[in-house]
1. Would a scan of the stretch 85-101 turn up a residue that is in a loop (DSSP other than H, G, I, E, B), open to solvent by 60 Å² or more (accessible area, probe 1.4 Å) and free of Cβ contacts under 8 Å to residues at least 40 places away in the same chain?
2. Being among the small types (G, A, S), within 16 Å of G255 (Cβ to Cβ), open to solvent by less than 10 Å² (accessible area, probe 1.4 Å) and assigned to a helix (DSSP H, G or I) is the requirement here; does A180 meet it?
3. Does T109 satisfy the criteria of being touching a residue at least 12 places away in the same chain (Cβ under 8 Å), of a type in the set (S, T, N, Q) and either touching a His at 6+ places or on another chain (Cβ under 7 Å) or closer than 22 Å to D15 by Cβ (or both)?
4. When you check R64 against the structure, is it touching a strand residue (DSSP E or B) at 6+ places or on another chain (Cβ under 6 Å), open to solvent by 50 Å² or more (accessible area, probe 1.4 Å) and within 16 Å of the ligand (Cβ to nearest atom), yes or no?
5. At pLDDT below 95 and away from the ligand (no atom under 15 Å from the Cβ), is that true of G130?
6. Inside the stretch 13-24, can you point out the residues that are assigned to a helix (DSSP H, G or I) and open to solvent by less than 30 Å² (accessible area, probe 1.4 Å)?
7. Considering only the stretch 29-78, how many residues are hydroxyl-bearing (S, T, Y) and assigned to a loop (DSSP other than H, G, I, E, B)?
8. Identify all residues within the stretch 205-241 that are under 22 Å from Y14 (Cβ atoms), open to solvent by less than 50 Å² (accessible area, probe 1.4 Å) and part of a loop (DSSP other than H, G, I, E, B); write none if there are none.
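The values are calculated or read from the model by the stated rules, or taken from the named source; none is laboratory data. Because the structure is predicted, anything quoted here is derived from the model rather than measured. Please note: Cβ atoms are built from the backbone with ideal geometry, for glycine as well, and neighbour counts cover all protein chains shown. Ligands, DNA and RNA are stripped out before the accessible areas are found, and what is left, the full protein with its side chains, is counted by its heavy atoms. Shrake-Rupley method; radii C 1.70, N 1.55, O 1.52, S 1.80 Å.
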Amino acid sequence: MSFSAEWLALREPYDRRARNAAVMDAAATPLRDKPSLRIVDLACGTGSNLRALSPRIKARQSWRMVDNDLSLLARVPRAIAPHVTVTTVPIDLNHDLEAALDGAVDLITTSALLDLVSEEWLERLAVEVGARRLSIYAALSYDGRIELTPVDAADADVIAAVNAHQRTDKGFGPALGPAAAHAAVARFEALDYSVVRGEADWLFGPADRQIQIEILSGWAAAARDVGGVALADAVGWLTRRRDLVTAGRSTIRVGHVDLFARPTGTR
Ligand SMILES: C[S@@+](CC[C@H](N)C(=O)[O-])C[C@H]1O[C@@H](n2cnc3c(N)ncnc32)[C@H](O)[C@@H]1O
């Protein structure tokens, strides 16, 4: 599945606002006293995690940015601050997750990835991260909650179809979709990790027209793809919702969860 740089740029300010501050602090605090750090960002896109997290850490940082999309990797900033070194590494994480984690690493980060992966891949991630006793900050996993106002009679059908579409294969096998955050917390707790989690919802107000239109169009297409909603119903729903957006009367909340998992004990 590919993601456009334009879409990632559109969502990044909302992601930034949504990120759970307590979870970010939990991720950044243990790193404060280290003189230097090595961070691996899995499925980095154009570097949203790098931009969000690196200013919160004073230490010298070296970020290894991993993605399989060369055009996104090309947009990752190399010179973000004097104490931050950035390298990009093209890797297909479905095939070569282990290569992404090789070498000395202090923290794994990822954002908007876990809902795309399968249960099997999440298990693999947990095994590899757990075997190396690494900490992981995983931001912005979709959790299935969508609230639209004002309410439309077809919302429930479209949302159910969107959540069914979330579970289809995004390149890692059948995706966890809305179950991802809960599954990740359970996986890391089973490894005796201490897990801090918190809501990181997207909130789009009446003025956030462009992102609302993008998201609603994507949902209508997803609902059609997965088959739960008839074409005429999807078109009617999208037309009504777009009219509300244009009139400045639409708000949308999309539930996400951030988590930070850290090894404890002596396993
Ligand atoms: C929703 S985007 C999130 C990007 C970035 N983390 C952010 O928050 O803006 C998902 C990312 O996963 C990457 N991706 C998808 N499948 C991948 C794979 N098999 N290997 C590596 N990266 C992959 C995409 O290229 C994309 O950058």
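1. Narrowing the stretch 85-101 to residues in a loop (DSSP other than H, G, I, E, B): 91-92.
Restricting the remaining residues to those that are open to solvent by 60 Å² or more (accessible area, probe 1.4 Å) gives none.
Checked the stretch 85-101: no residue is in a loop (DSSP other than H, G, I, E, B), open to solvent by 60 Å² or more (accessible area, probe 1.4 Å) and free of Cβ contacts under 8 Å to residues at least 40 places away in the same chain.
2. On the way: among the small types (G, A, S): yes; within 16 Å of G255 (Cβ to Cβ): yes; open to solvent by less than 10 Å² (accessible area, probe 1.4 Å): yes; assigned to a helix (DSSP H, G or I): yes.
Taking the combined requirement at face value, the residue satisfies it.
3. yes
4. On the way: touching a strand residue (DSSP E or B) at 6+ places or on another chain (Cβ under 6 Å): yes; open to solvent by 50 Å² or more (accessible area, probe 1.4 Å): yes; within 16 Å of the ligand (Cβ to nearest atom): yes.
Against the criterion (touching a strand residue (DSSP E or B) at 6+ places or on another chain (Cβ under 6 Å), open to solvent by 50 Å² or more (accessible area, probe 1.4 Å) and within 16 Å of the ligand (Cβ to nearest atom)), R64 qualifies.
5. Numbers: at pLDDT below 95: no; away from the ligand (no atom under 15 Å from the Cβ): yes.
So G130 does not fit the description; no.
6. Keep residues of the stretch 13-24 that are assigned to a helix (DSSP H, G or I), which gives 13-18, 21-24.
Selection gives D15, A18, V23, M24.
7. From the stretch 29-78, those hydroxyl-bearing (S, T, Y) are 29, 36, 46, 48, 54, 62, 71; that's our starting set.
Pick out the ones that are also assigned to a loop (DSSP other than H, G, I, E, B) and you get 46.
Residues that pass the stated criteria total 1.
8. G205, D208
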